[in-house]
Amino acid sequence: MKAQNQHSSAVAASVLPAGELASQAMLSGVETVVICVPDNVGRLIGKRVDIAEWPRLSQAGLSMPNFHLVTDIENNPVPGLAITGSHTGYPNGVLKPDTATLRRPDWESATAYVLADAYSTDGELVDVAPRSILRKQEQRLADAGLSTLIASELEFYLYAESYRERHADGYRDLTPAWHFHGDNDVFVTTAEEPFLRRIRQSMRGMGITVAVTQGENGPGQQELNFHPTSLVEMADRHVLYKHGVKSIARLEGKSVTFMAKPDDRHPGSGAHTHISLYDADGDSLFGVDELSDAGNAFLAGVLHFTPELAWLHAPFANSYRRFQPGSMAPTNLSWGWDNRGCAIRALDRGSGIHFEFKFPGADMNPYFSFTGLLMAGLEGMRLGLTPPPATEGNAYLSSDSARVPADLTEAVQAFEASELAKRELTPKVHEHLCGLARAELHASRRAVTDWDRQRGFERA
């Protein structure tokens, strides 16, 4: 099936037009423009500027300290990274707005958001910036005459208390939006619908169409699905969506979390990624009725290389607590036809096959995770790899599949040793990401948790 026929209406309805006239129309009535860039955890970092400054800054770019290139999840700079730090004095960089990403959020009046690319002051694109890393994969596809449609499927937990309230008590004793799980239970989701409706309406107003909302398998857990689009565009929508959901929750006195595993009693939250690949004629590269040679090789590449690229999909110690038997999160790298226990679920047999990659958690950075998925799959195609047979039945009992890394230690060690990552990311970018990964690992090893105290305070 042709890519343009399969998804053209969804994409055409949601991609904002580029150009000066479109920018002027988008900015009608705007008083403030938020110029921002995704950081290493997919958080939006930037400045708010008066609309009078926009004509100049849209061309010259916004000068801003380049801390965001080396910050961790707590927004603190990680020392020892080559790109910037104490050894450089943390100089300014330049954020050059991508005007095609201009959007008007309805949760802020008279305000527009625009995503930017990170440049140095001498005009060089910063190759370690998340958006730059994913753009390289998009260019790689274009150079090979290929294109992709991709969509993330984000889960999160909704709580009744505000962020300020939860911060004050250390995020303990959370009250879910509903007192038992509402996995596709319309009665349960009716109670949460006013909040979810506002999210759908807000996203639609920004050109991001939410196709489906549903209750998931934990109390207060939600899932919202997007229409597929191109690679960088999907990552941009992903981070804008997360920012919007958190902002709306704050305004309504609620809180949400995209942690992979916020509560050990309940299922974790994933960010399943749906991907299709097309040739220059717009035909499915994965096959229609049966997997093609390219589809088999892409699938085999993802299965084979994901263990060494796991950190790109699961960047925190908490990420690995999600992978539990029977949890609908994979514990091994298997695949199957419409099998939810597998790491890769093959779908749409007969109408143009696509893959659902179930490994990433909701805490992933989409620019890094999409990069890891494409690197693995394309390497499988380059090598002509062959996948194992499809898994039938209980995927958690599969003994002949590579297992998911047990924890962050395993994942960081595997990523450091990955020749694929070093080659495709470049040694410079690979070492930069390894530095971020090592910093997160060291932070997790220093932590003393409530679990430690509850088990050992009296008994040790």
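The values are calculated or read from the model by the stated rules, or taken from the named source; none is laboratory data. Predicted model only: the values in this text are computed from it and were never measured. Glycine gets a Cβ as well: all are built from the backbone with ideal geometry, and neighbour counts include every protein chain shown. These accessible areas exclude ligands, DNA and RNA; they are computed on the full protein's heavy atoms, side chains included. Shrake-Rupley method; radii C 1.70, N 1.55, O 1.52, S 1.80 Å.
Of all accessible surface on region 153-266 at a 1.4 Å probe, what whole percent is carbon and sulfur?
So the carbon and sulfur contribution to the accessible surface is 50 percent.
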Query raised in the report: Once both labels are modelled 7 Å past Cα along the beta-carbon direction, what's the Lys136-Asp173 spacing in nm?
Result: 4.9 nm
Query raised in the report: Highest mean first, what order results for 413-422, 181-190 on Cβ atoms within 10 Å?
Result: 413-422, 181-190
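So if R0 is 51 Å, what FRET efficiency would Arg455 and Asp293 give, r being the distance between their Cβ atoms, rounded to the nearest 0.05? Working shown, then result.
Numbers: r = 52 Å, r/R0 = 1.02.
The value I calculate is 0.45.
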Requested in this report: State the number of lysine pairs found in the chain whose Cα atoms come within less than 15 Å, restricting to pairs 8 or more positions apart or on distinct chains.
Outcome: 6
Requested in this report: Taking the Cα centre of region 345-388 as origin, work out the dipole magnitude from +1 charges on Lys and Arg Cβ and -1 charges on Asp and Glu Cβ, in debye rounded to 20.
Outcome: 120 debye
Requested in this report: Place a +1 charge on the Cβ of each Lys and Arg in the chain and a -1 charge on the Cβ of each Asp and Glu, then give the dipole magnitude about the Cα centre in debye, rounded to the nearest 20.
Outcome: 800 debye
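For the chain, what class follows from the C-alpha gyration tensor (a ≥ b ≥ c being the square roots of its eigenvalues): rounded when a/c is under 1.5, otherwise prolate if a/b is larger than b/c, else oblate?
Numbers: a/c = 1.21, a/b = 1.09, b/c = 1.11.
Cα axes put the chain in the rounded bin.
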Query - Radius of gyration, Dmax [region 315-359; alpha carbons; angstrom] - result: 11.9, 40
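Using a 10 Å cut-off on Cβ atoms, rank the peptides 34-40, 220-226, 262-268 from the highest mean neighbour count down. Each step should come with its number before you reach the end.
Values: 34-40: 24.6, 220-226: 22.6, 262-268: 17.9.
So the order, starting with the most tightly packed, is 34-40, 220-226, 262-268.
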Requested in this report: With label points built 7 Å along Cα→Cβ from the Cα atoms of Asn217 and Val30, find their separation and express it in nm.
Outcome: 4.2 nm
Query raised in the report: What residues from region 272-296 fall in the zone where the backbone N is under 19 Å from a label point 7 Å along the Cα-to-C-beta line of Ser230?
Result: 274-285
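For an R0 of 51 angstrom, estimate the FRET efficiency from the Cβ-Cβ distance between Tyr396 and Ala100 and round to the nearest 0.05. Show your work: numbers first, answer last.
Working: r = 43 Å, r/R0 = 0.85.
Computed FRET efficiency for Tyr396 and Ala100: 0.75.
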Report task. Subtracting the Cα-Cα distance from 0.36 nm times the residue separation, let me have the gained length for Thr409 to Ser444 in nm, one decimal. Result -> 11.6 nm
Query - Mean ellipticity per residue at 222 nm, deg cm²/dmol - from DSSP H runs of n ≥ 4 across the chain, formula -39500 (n - 2.57) - result: -11500 deg cm²/dmol
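How fast does region 384-435 diffuse by Stokes-Einstein, in µm²/s, taking the Kirkwood radius from C-alpha pairs at 20 °C and 1.002 mPa s? Walk me through the intermediate numbers first.
On the way: Rh = 13.5 Å.
Here the translational diffusion coefficient equals 159 µm²/s.
What ranking, highest mean first, results for peptides 329-338, 231-240, 115-124, 163-172 when packing means the other Cβ atoms within 10 Å averaged over each residue?
Working: 329-338: 21.6, 231-240: 23.6, 115-124: 16.4, 163-172: 12.3.
The peptides rank, most packed first, as 231-240, 329-338, 115-124, 163-172.
Quick one: length gained pulling Arg349 to His87 fully straight, 0.36 nm per residue minus the C-alpha distance?
Numbers: separation 262, 0.36 × 262 = 94.32 nm, distance 5.46 nm.
Working it through step by step, the gained length comes to 88.9 nm.
Note the full-extension length gain between Arg48 and Arg197 as 0.36 nm times their separation in residues minus their Cα-Cα distance, in nm to one decimal.
Working: separation 149, 0.36 × 149 = 53.64 nm, distance 2.76 nm.
My answer for the length gained is 50.9 nm.
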